[in-house]
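What follows is a short report on a single structure.
The values are calculated or read from the model by the stated rules, or taken from the named source; none is laboratory data. The structure displayed is predicted, hence computed values, not measured ones. Neighbour counts are summed over all protein chains in view; Cβ atoms, including those assigned to glycine, are modelled from backbone coordinates with ideal geometry.
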């Protein structure tokens, strides 16, 4: 019986491998490919902000919006106006969902990351940090200015509504949940701004997803498995004699 269980364990090990974080660029530190404000002919009057759309992709995060002529998200740095609009939870950069388009019109933005090769129908633990924008809502701002949704494979995981922050820095809150992967092993994680598109939106940082990926064993792994099975068979025949 113990030998049989050993074989099952070997086979299971070939099917999936656990990884620390399945999300790439979860803290938005890599802004390669973005358009930096004040450079590349783009100037909204601010430095240390990077804008992203279909033609200027944020590393591993695709824009989530219908109009390809718009910017869908922006990454801010702690250095932006000396941290006047908040500091990162992890590293020096963070994502803000409300952003501008080419004509400097406010819009609700969003980003999606597609993860391939995950364990079929596996269980995954999601965590990320969010904060309402500094000093929002204020004045005539609507209470829904920081609203946003989180979706897994296009299905709503959680809606966040009526968030407020009357301080001069971010007030980071961690969100955690357990998700079930698709049978295909291909999954999507989306952050999507909701509420009033008014340039003022929620900040996201330090996105982490842990679980298992479907392993692709090297040929040597199969050789070792077959050798082990042959050895077990030899001992079984020897004992039976």
Name the single residue that is surrounded by the most Cβ atoms within 10 Å (Cβ to Cβ) among those in region 79-108 being in a loop (DSSP other than H, G, I, E, B), over 15 Å from the mean Cα position of the chain (by Cα) and modelled with pLDDT under 90.
85
Among the numbered conditions (1) at pLDDT 60 or above; (2) loosely packed, with under 14 Cβ neighbours inside 10 Å, tell me where residue 26 comes up short.
(2)
Residue that is modelled with the highest pLDDT [pool: residues in region 160-186 that are within 20 Å of residue 76 (Cβ to Cβ) and loosely packed, with under 13 Cβ neighbours inside 10 Å]:
174
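Limited to region 54-78, what total is found for residues that are assigned to a strand (DSSP E or B) and at pLDDT below 75?
Looking only at that region, the number is 1.
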Qualifying position, being buried (at least 16 other Cβ atoms within 10 Å of the Cβ), under 14 Å from the mean Cα position of the chain (by Cα) and more than 13 Å from residue 110 (Cα to Cα), among 189, 209:
209
